[in-house]
Amino acid sequence: MGFPRDDQGRGAKLLDGLGPPATARGFPFLGDRAVALSHPASPVDQDPGGWAARHGPGPVSGHGSPAPGPRVLRPGHLLRGRRLRGTPLRGPGGTLGSRSRAAGRAGLYIHFPFCEAKCPYCHFYSVPWSAAGCRAWLEALGKEAETAAAEEAAGLRFDTLYVGGGTPSLLEADDVSAILDLASSRFRLEMAEFTLEANPGRGAAEERLKGWREAGVTRLSVGAQSFDDGILRRLGRMYGAAEAVAFCRSARAAGFESLSVDLMIGVPGEMPETVGRTIETLIGLEPDQVSLYFLENVEDLPFAKVLEKRPVDEDAAVESYERASAALEAAGLRRYEISNFARPGQECLHNLKYWRYEPYLGLGPSACSHVELRRWCNVASLDGWAEAVGRGGSAAAREETIELTAKLAAREALVFGLRLVQGVNVVELGERLGIDVRRVFAREIEALVAEGLLVGAGPRLCIPEDKLLISNAILSRLV
Ligand code: SF4
């Protein structure tokens, strides 16, 4: 299989190497292969009032903590009779910290589908916010949780809760409390981390932030995107740089255990000095985790026209990205996944579950789930989802369910796990799935190792850090 390179040896599709893997952007895995790695699937929004297509848990290049993708599964049934083991991620880079001992439990994702306005580059499912819509969503969420707890999630133990969107920071503290009560009462939840995605804006934030913290949120994921007024305007964000900075400072003061900030690179008109100033401002805010993404060009979205008129210089964007990465590392934020940096012990436990191929349950319109050898997604329509849940519970809200073989599960686990700097323990993965991963994928693995695109360290395989920018080209060799 060919391997696209530019004249510096980098992948021709450099920007594809960052951000979430193909599946997070709606690339369906069909049968034994992913059908595409470079073109997003068609939107499946069925709600004329909705703004965009489905997405999995967490946004990609929108805001909040990015998730690696919805369409994965955990082959837990093959472990029946054995103690479910976590993935300690020991390897060349050490461990991911003591909190990773919680690995092995499932994650609970709740999709809040409302936004104040639609950002022109966003392809996630969201609808305009209204108080009545929000009440209806909460009511349907309760029904979905009730049936999911008895069916899909029966036997699962959870330790992370992640409320993503949409713009979950439109929720009042009382609503956040109600969501936590719902999750705690319906599911076996021993909370290690409770993330709420939040956008700056809506004026003074101190009281709201304090309220969310008191409601039990431990980790705030702020979709700042930039600390430059011009870039924020171009992205159609509804706040300025000063407001974004003030929001992050207030979040720090509110006492969240972890503060995560999303930044976007590759915006038209961006200059190296713009990125430099934004990174400097960010580091001054002392975040615990940073997600650094390239703006994704999605056909048929309003922003595609902007990118057509003002194309981004990919080489300049990559250089900015590399400089930003180096600055984050120098500030003590270690890269632990292609697009994610954290202080030791502050890696997002919930998102690690996606990369480690652990189970998660998604509730809400467009949310996706992965339990054992099965993964599915809910309809990407608020009305359609609420109607289906009311009629037949969580099972009726599913739009598609995919059953996987152990071989395909191993393939997916490799593709997701290799996004982590510490890679995948293929011996442990093989034990979980009941197959010899090195043998089943011998041809692909040996070729990649021979080309220096994968390295083996004991039982682990990982992508060398200097090749992470071309990770999608590397991962495409495994699908
Ligand atoms: S605020 Fe809403 S529209 Fe904008 S990126 Fe986030 S989810 Fe998309």
- Query: Which value, in Å² rounded to 10, gives the accessible area of Glu314 with a 1.4 Å probe and all protein chains present?
  - Reply: 70 Å²
- Message: Given Cβ point charges of +1 (Lys, Arg) and -1 (Asp, Glu) and nothing else, what value in debye, to the nearest 20, does the dipole of segment 183-251 about its Cα centre take?
- Response: 160 debye
- Query: Roughly how many Å² of Glu319 are accessible to a 1.4 Å probe, to the nearest 10?
  - Reply: 90 Å²
- Item | Protein-only accessible surface order, largest first, of Arg233, Arg419, Arg310 at 1.4 Å | Arg233, Arg310, Arg419
- Task: Might you work out the accessible area of His111 for me, using a 1.4 Å probe with all protein chains in place, and round it to the nearest 10 Å²?
- Result: 0 Å²
- Candidate lysines for bridging to Lys309, where Cα separation is under 23 Å - those fewer than 8 sequence places away on the same chain excluded: Lys13, Lys118
- Item | Protein-only accessible surface order, largest first, of Asp228, Asp436 at 1.4 Å | Asp436, Asp228
- Dividing the alpha-carbon radius of gyration of segment 115-199 by 2.2 N^0.38 Å (N being the number of residues), what value is obtained? 1.17
- Message: Order Ser177, Ser381 by their accessible area, 1.4 angstrom probe, all chains in place, largest first.
- Response: Ser177, Ser381
- Note on the structure: Residue span Arg323 to Asp229: 0.36 nm per residue of separation minus Cα-Cα distance leaves a gain in nm of 31.8 nm
- Other-chain or far-sequence residues with amide H under 5 Å of Gly107's (modelled H): Tyr360, Leu361
- Query: Straight-line reach from Lys353: which lysines have a Cα under 22 Å away, not including same-chain ones fewer than 8 places off?
  - Reply: Lys407
- The answer for Arg334, listing residues at least 5 apart or on another chain whose modeled amide H is closer than 5 Å to its amide H, is Ala342, Arg343
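The values are calculated or read from the model by the stated rules, or taken from the named source; none is laboratory data. Please read these numbers as outputs of a predicted model, since none were measured by experiment. Reconstructed Cβ throughout: ideal geometry from the backbone, glycine too, with neighbour counts over all protein chains shown. For accessibility, only protein heavy atoms count, side chains too; no ligands or nucleic acids. Shrake-Rupley method; radii C 1.70, N 1.55, O 1.52, S 1.80 Å.
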